[in-house]
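The values are calculated or read from the model by the stated rules, or taken from the named source; none is laboratory data. Model, not experiment: these values are computed from the prediction. Every residue, glycine among them, receives a Cβ derived from its backbone with ideal geometry; neighbour counts consider all protein chains shown. In case anyone asks, the SASA skips ligands and DNA or RNA and just uses the protein heavy atoms, side chains included. Shrake-Rupley method; radii C 1.70, N 1.55, O 1.52, S 1.80 Å.
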Amino acid sequence: MNDGARMNGDPVATDGDKPVVLSLRGITKRFPRVIANRDIDLDVHAGDIHVLLGENGAGKSTLIAILSGVYQPDAGSIAVAGREVRIQAPRDALALGIGTVYQHLALVPTLTVIENLMLGAPWYRLPDVTGTGTRLAELAGLLGIEVDGDAPVGGLSLGQQQQIEIIKALWHGERILILDEPTSMLTPQGVRELGKMIRRLRDAGVAVILITHKLGEACEFGERISVLKLGRLVGEIGPAELAAMSREEATRRIVHLMFGARDDAPRAAAIVADAAPGAPVLEVEGIAAAGAAGEPALADITFALRPGEVFGIAGVDGNGQKRLAEAIAGQRPIDAGDIRLDGRSIAALSIAKRQAMGLRYVTDDRLGEGTVAELSIAVNLLLKRIGEPPYWRRGIAHAATIERDAAEKVAAFDVRAPGIHTRVGTLSGGNVQKALLARELSQEPRVVIYNKPTHGLDLANATALHERIREQAEAGVAAIVISNELDELLGLCGRIGVMYRGRLRGIVENGAWAEARVGALMIGVAA
Amino acid sequence: MSVETAGGAPAAAAPASRLGGLARQTALALLPLALALAAAGLILLLFGRDPLTFYANVLKRGLFSWAGLQETLIRMAPLLLLAASLIVAFRAGIWNLGIDGQFLLAAVMVAAAGPRLVTIMPIGLALAILLVLGGLVGAAWSLIPALLRAYYGVNEIITTLMMTFIGTSLGAVLVKTVFNDPSTTVPQTQVLPMIDRLPRLFGTRIHAGLIIGLVAIVLVHLVMTRTAFGLKAQIIGFNPRAARHAGLDVPRLTVAVFAFSAGLAGLAGATEILGVFGVVQNEWNPAYGMLVIPLVFVVRFHGIASIGIVAFFAMLSIGGESASRKANLPNYFLLVVVALLLIFMALTEYLSARRRQRLETWGEG
């Protein structure tokens, strides 16, 4: 079972060109509504730390699931050490020496380390405590750590528990180790220790695949970086290339791969013309708010929008963009600062009041909070106006008026569905988004916040949506567009604010060099 | 991830027709009943009793004898109000399992206040005030779980059950102490004279509580399906995050739903005292609520359909008491039938959910 490790030390390997231990060709995985992996070719080398980088939804998790035998690819082939294999179940992956450490640890806290490690043994065999202890010591030595086999797992720190998971993953042969977002629960010191461990494994010839959505981590650990985006592999930076670049150059390059143009990206025809001068319609002044779990708090955010202006908000996911949208919409309380609509403070007003005044929020979580999947299109189109006349009269629903309103909106926004009584949960993503727009853009909007408006939409729908934002702008409606598609923002917005660690790191006027300057701000470098 | 097709909506997933759906729903509700009766019949055979005789006795007493039919209809009154109470809460995704406590405490308060009130004012006014009092006591007893759930996110399943323990014990304490009628040997409240109780219908023994129950359940059905309040409550039940996003005042609505639900449970307690017992004795606690919970699940929280299942259950329990006696079985045998009903309900629910899932996956392909 350990031949993998031995094979890795193969003298054939020339420096800089280590042997390929895992090779993916044309891996494609489809789900009912999305293609999670599209024609992915990937070579993983023994003794390499190979980073797979991508945003949420880029297809990283699906790829791991395929490698660890949880999913079967719809097309493509996998070869391990030059031999084509089929990984039909997690035990096949383990037998091939492919171990995976998931983001969420799966140890039994009341059992000791050794007991946890024995859980995978066949039921008919007696527990082999001595053998398990020997192997544990062997792997602990390989990792350069000390492990007390008799300690209950529940008493260990998260970092130590992760070490046990790593040992578990290497148990059946140390050929390939997959780490899924391994730093998400570690302290900075824990991250350093993890770094040391995986470098030792690399030196022992193990191929380490590190999956992350954090840029800094990719540059810190990676010796080879592959970037996934929307299910495709959009680029790879090899060891030689990476070594030749400075940290900053590498980051820029990756930002370009992650957020830059894609072939089918909806390139906007024209930036919205300069907004009419005049009093600002929305002023956000020095606001601060608590952050989401694992995200930085918002601090000191100030900007203003004039009527008809389209203002972009760029940033790597998780830098507080969503929180900012929620704070303005009224879904989160702010701790400091003020928000004014048409000169009037709305910071203390309820969500419903802000909506009534014309402030609208098109959420990115369309099914999670934007709509009620179990209810009809007609009801969802009026979700924010329940009880208001003429749709409800003295609190009682007026079916005919509600249906007429729904029919009009469905026609005007081209929502394709069997009927207005169809449950929203059965619609495709594009149609749910159209229904959301129909709802938010009705009844005289003044300022509309779009959070990742084209995420998951196909080209035609994305283009139509951009047209809609432009149309609205010409009619004097201001918009805030939050997106991590730089191209989208560059095509729509007059100015782009960049969020970094909960702050507005800078605001860039769209024009020459805007892409580079926004990209630099996104990774925290001053423009 | 990219979307393959955005235009073509999965039309195949749409329900075939409203009528077909209704027929299926009815079949799905009746199937577990039929299976439970069949299984209970097997158990009867095992004990050497003739199931056909047993069920015939149930029908004879519960439905086909005048006295028994009246009993059945009288029993329906509190069950209908409790079903209405549960439907309000469950449709809003709020698990008010405290209706027994709300029911009992309201009953105790009404039993204590009744005899005093009828002596100082016209009977009609006194009865109206006592019904309202029952509702208010029920609603008040839900306030602590409601506020905890609304503002601190504390799971109401635990808190409402706890409040039931406290409520039933408190009720017994009150009956034995401050509300105790010293002229009797058993601890009990002062008896409300027969002439001061809820009016009987058409010279039968059936009291007006049945009308109150029927009106309440129809009203609840209309409120939950036709009004803005009902829709808002349902949205909270389906997707609390969407409710918040849409600007609904979720905490306030939660408290309102609790009060509405618990108020109906309290009203049930009031009608039972004013219509049937006129007194609370010792540690009386019929615990109807726990029996009604599975019933509203069988009809999937549908108000009108719940009238049918409540009628069936009332008939089963009235007729079953007599049939069990005749078959020389303990009264508890009815609980076996109810338990079997629950098991088969869960089974059919599971199987139909699996079937639905399969159909939807097909529809998407």
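Annotations
- Summed over region B:197-211, residues that are assigned to a strand (DSSP E or B) and open to solvent by 30 Å² or more (accessible area, probe 1.4 Å) total 1.
- Matching residues in region B:238-262 - criterion: being open to solvent by less than 30 Å² (accessible area, probe 1.4 Å) and facing chain A (nearest Cβ under 9 Å): B:Asn239, B:Ala242, B:Ala243, B:His245, B:Ala246, B:Gly247, B:Leu248
- The single condition among (1) surrounded by 17 or more Cβ atoms within 10 Å (Cβ to Cβ); (2) closer than 18 Å to A:Ile482 by Cβ that A:Ala347 does not meet is (2).
- Pairs where the first residue, in region B:105-119, is farther than 19 Å from B:Ile166 by Cα and open to solvent by 10 Å² or more (accessible area, probe 1.4 Å) and the second is in a helix (DSSP H, G or I) and not hydroxyl-bearing (Ser, Thr, Tyr), C-beta under 7 Å, 6+ apart: B:Ala113/B:Leu130; B:Ala113/B:Leu133; B:Leu117/B:Ala126; B:Leu117/B:Ile129; B:Leu117/B:Leu130; B:Val118/B:Ala126; B:Val118/B:Asp196
- In this entry, A:Ala327 is excluded by the filter for residues that are of a type outside the set (Phe, Trp, Tyr), more than 10 Å from chain B (Cβ to nearest Cβ) and surrounded by fewer than 16 Cβ atoms within 10 Å (Cβ to Cβ).
- The helices (runs of 4 or more DSSP H) found wholly in region A:365-440 include none carrying at least 3 residues that are hydrophobic (A, V, I, L, M, F, W, C), free of Cβ contacts under 8 Å to residues at least 12 places away in the same chain and facing chain B (nearest Cβ under 9 Å).
- Test: A:Lys384 is open to solvent by 10 Å² or more (accessible area, probe 1.4 Å), in contact with a helix residue (DSSP H, G or I) (Cβ under 7 Å, 6 or more places away or on another chain) and within 30 Å of A:Glu285 (Cβ to Cβ): yes
- Scanning region A:330-345 for residues that are more than 13 Å from chain B (Cβ to nearest Cβ) and either at negative phi or hydroxyl-bearing (Ser, Thr, Tyr) (or both) returns A:Ile334, A:Asp335, A:Ala336, A:Asp338, A:Ile339, A:Arg340, A:Leu341, A:Arg344, A:Ser345.
- So B:Ile195, is it more than 14 Å from chain A (Cβ to nearest Cβ) and not aromatic (Phe, Trp, Tyr): yes
- Qualifying positions in region A:332-344 - surrounded by fewer than 18 Cβ atoms within 10 Å (Cβ to Cβ) and small (Gly, Ala, Ser): A:Ala336, A:Gly343
- Check on A:Ala304, outside any helix (DSSP H, G or I), more than 19 Å from A:Ile507 (Cβ to Cβ), small (Gly, Ala, Ser) and open to solvent by 20 Å² or more (accessible area, probe 1.4 Å): no
- Qualifying residue in region A:450-458 (condition: within 30 Å of B:Val223 (Cβ to Cβ) and open to solvent by 20 Å² or more (accessible area, probe 1.4 Å)): no
- Positions within region B:219-232 being in contact with a helix residue (DSSP H, G or I) (Cβ under 9 Å, 6 or more places away or on another chain) and closer than 15 Å to A:Leu382 by Cα, in sequence order: B:Arg226, B:Phe229, B:Gly230, B:Leu231, B:Lys232
- Evaluation of A:Arg505 against (1) out of contact with any His (no Cβ under 9 Å at 6 or more places or on another chain); (2) of a type outside the set (A, V, I, L, M); (3) open to solvent by less than 40 Å² (accessible area, probe 1.4 Å) (one fails), failing number: (3)
- Yes/no for A:Ala356 being aliphatic (A, V, I, L, M), over 30 Å from the mean Cα position of the chain (by Cα) and over 13 Å from A:Ala435 (Cα atoms): yes
- Filter result (on the phi > 0 side of the Ramachandran plot and in contact (Cβ under 8 Å) with a residue 60 or more places away in the chain) within region A:23-53: A:Asp39, A:Gly47
- Of all residues in region B:270-290, none satisfies being among the small types (Gly, Ala, Ser), more than 14 Å from every other protein chain (Cβ to nearest Cβ) and within 30 Å of A:Gln355 (Cβ to Cβ).
- Checking the stated criteria, B:Ala126 turns out not to satisfy the condition of being part of a helix (DSSP H, G or I) and within 29 Å of B:Arg300 (Cβ to Cβ).
- Residues satisfying the stated conditions in region A:456-504, i.e. among the basic types (Lys, Arg) and modelled with pLDDT under 90: A:Arg501
- Residues in region A:346-364 that are over 15 Å from A:Asn451 (Cα atoms) and within 11 Å of chain B (Cβ to nearest Cβ): A:Leu349, A:Ser350, A:Ile351, A:Ala352, A:Lys353, A:Arg354, A:Gln355, A:Ala356.
- A:Thr463, sole failed condition from (1) surrounded by 23 or more Cβ atoms within 10 Å (Cβ to Cβ); (2) within 14 Å of another protein chain (Cβ to nearest Cβ); (3) of a type outside the set (A, V, I, L, M): (1)
- Every test in (1) aliphatic (A, V, I, L, M); (2) over 17 Å from the mean Cα position of the chain (by Cα); (3) assigned to a helix (DSSP H, G or I) is passed by B:Leu248 save one, and that test is (3).
- From the list A:Arg253, A:Arg262, A:Arg224, A:Arg247, the lone residue that is open to solvent by 10 Å² or more (accessible area, probe 1.4 Å), at pLDDT 85 or above and of a type in the set (D, E, K, R) is A:Arg224.
- Qualifying residue in region A:54-61 (condition: in contact with a Phe, Trp or Tyr (Cβ under 9 Å, 6 or more places away or on another chain), hydrophobic (A, V, I, L, M, F, W, C) and either without any contact (Cβ under 8 Å) to a residue 60 or more places away in the chain or buried (at least 22 other Cβ atoms within 10 Å of the Cβ) (or both)): no
- Residue match in region A:445-454 (condition: of a type outside the set (Asp, Glu), within 11 Å of another protein chain (Cβ to nearest Cβ), out of contact with any Lys or Arg (no Cβ under 7 Å at 6 or more places or on another chain) and under 18 Å from A:Gly370 (Cβ atoms)): yes
- Residue among A:Arg86, A:Arg125, A:Arg91 that is open to solvent by 70 Å² or more (accessible area, probe 1.4 Å) and at pLDDT 90 or above: A:Arg86
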